[in-house]
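Coordinate-derived values only; no laboratory data. Source: prediction; values computed, not measured. We place every Cβ from the backbone using ideal geometry, glycine too, and count neighbours over all the protein chains shown.
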Amino acid sequence: MLPPETIDLAAALLAALRERALTAATAESCTGGLVAAALTAVPGSSDAVQGGFVTYSNTMKTRLLGVPEAVLARHGAVSAECARAMAEGALRAVEAGLAIATTGIAGPGGGTAEKPVGLVYIAAARRGGDTAARRLLLPGDRDEVRAGTVEAALRLALAELGAA
C-alpha cells in the first residue's frame with residue numbers, strides 16, 4: 001500500500017493534468033505498476049489516466065515501448081537513456097499528453113559497483129515537448145526504493161507540467 005502522501009501527490013498531478021486538458025500514461029520497470037496504482041487510487045482518475053505498461057524485461061521494453069536495442073546494449077536498462085526512451089515510447093503508444101517512466105534496481109539483489117541497489121532513473125515526457133530524466137540513488141529495502149521512486153516520479157511529472 002502506498003502512503004497517503006504519495007496518493008496526495010497523485011491527486012495533485014491529476015488536477016494539473018485536468019487543468020491542462022491532458023491525460024497520462026506510465027511505463028514502469030522497477031516499480032511494477034505502482035505509479036499507475038497511485039494515480040488510479042484517486043477516485044475519478046479515469047478521465048486523466050490512459051493506462052500503463054509494466055515492462056520488466058528488455059524484450060518487453062523493446063516490443064511494447066520501442067526502446068531501441070542499441071540503447072539497451074550501450075547504456076543498459078538502468079539508465080537515463082532507457083528511461084527517456086520508455087517515456088517517449090509510452091507517448092507513441094497511446095494518446096496521452098504526458099508519460100512517466102521508471103527503471104532501476106530495487107534490490108535486494110541485482111546491484112553492482114557501477115549500478116548499485118537503489119539506483120533508479122525516472123523520466124517524464126510531454127507530447128510535443130522535451131523529456132526530462134533524473135538519476136536517483138535511494139536508500140532502504142526494496143519496498144522503500146520502490147516507494148521513493150513513485151514519489152520522485154510523480155514530483156518530476158508535476159514539475160514538467162509547471163505545477164510543482
Task: Full-extension gain in nm, H75 to E95, via 0.36 nm per residue minus C-alpha separation - done: 4.4 nm
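Taking the Cβ of Q50 as the centre, find all other residues whose Cβ is under 13 Å away and add up their charges (Lys, Arg: +1; Asp, Glu: -1).
Numbers: positive: R92, R127; negative: D47, E95.
That works out to 0.
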- [ ] With springs connecting C-alpha atoms under 10 Å apart, model the chain as a Gaussian network and identify which of A21, A133, A77 has the largest mean-square fluctuation.
- [x] A21
Open item on the list: For the chain, I need the span (max minus min coordinate) of the C-alpha atoms along each principal axis, in Å, sorted largest to smallest.
Closed with: 43, 31, 23
Open item on the list: Could you derive backbone 3J(HN,Hα) for the stretch 54-62 from the dihedral phi with the Karplus parameters 6.51, -1.76 and 1.60 (θ = phi - 60°), listing whole Hz in sequence and x where the residue is Gly or Pro?
Closed with: 9, 10, 6, 8, 4, 4, 5, 4, 6
Task: Table column - 3J(HN,Hα) (Hz), the stretch 5-20, Karplus curve with 6.51, -1.76, 1.60, x for Gly and Pro - done: 4, 5, 5, 4, 4, 4, 5, 5, 5, 4, 5, 5, 4, 4, 4, 9
Task: Amide H partners (placed H, <5 Å) of T26, local residues excluded - done: G51, G52, F53, I100
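Using a ≥ b ≥ c from the Cα gyration tensor of the stretch 17-57 (square roots of the eigenvalues), is it rounded, prolate or oblate, where a/c under 1.5 gives rounded and otherwise the larger of a/b and b/c decides, a/b for prolate? Could the numbers behind the result be given before it?
On the way: a/c = 3.14, a/b = 1.91, b/c = 1.64.
It is prolate, given that a/c is not under 1.5 and a/b is the larger ratio.
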Open item on the list: How much of the DSSP bridge set in the chain is antiparallel, in percent, rounded to the nearest 5?
Closed with: 60
- [ ] Take peptides 138-148, 45-55 and line them up by average Cβ neighbours within 10 Å, highest first, as a rough protection proxy.
- [x] 45-55, 138-148
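Rounded, prolate or oblate: which fits the stretch 35-126, taking a ≥ b ≥ c as square roots of the Cα gyration tensor eigenvalues, rounded meaning a/c under 1.5, else prolate when a/b beats b/c? It would help to have the intermediate numbers written out before the result.
Numbers: a/c = 2.43, a/b = 1.48, b/c = 1.64.
Oblate shape, in that a/c is at least 1.5 and b/c is the bigger or equal ratio.
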Open item on the list: Under the rule of at least 5 residues apart or a separate chain, name every residue whose amide H is placed under 5 Å from the amide H of G66.
Closed with: none
Task: Ordering of 63-71, 83-91 by packing [mean C-beta count within 10 Å, highest first] - done: 83-91, 63-71
Open item on the list: Starting from the 7 Å offset along Cα-to-Cβ, what nm value, one decimal, do you get for the label separation of D141 and T112?
Closed with: 2.7
- [ ] Rounded to whole Hz and in sequence order, give me ³J(HN,Hα) for the stretch 95-101 from the Karplus expression 6.51 cos²θ - 1.76 cosθ + 1.60, θ = phi - 60°, writing x for Gly and Pro.
- [x] 8, 10, x, 9, 10, 10, 10
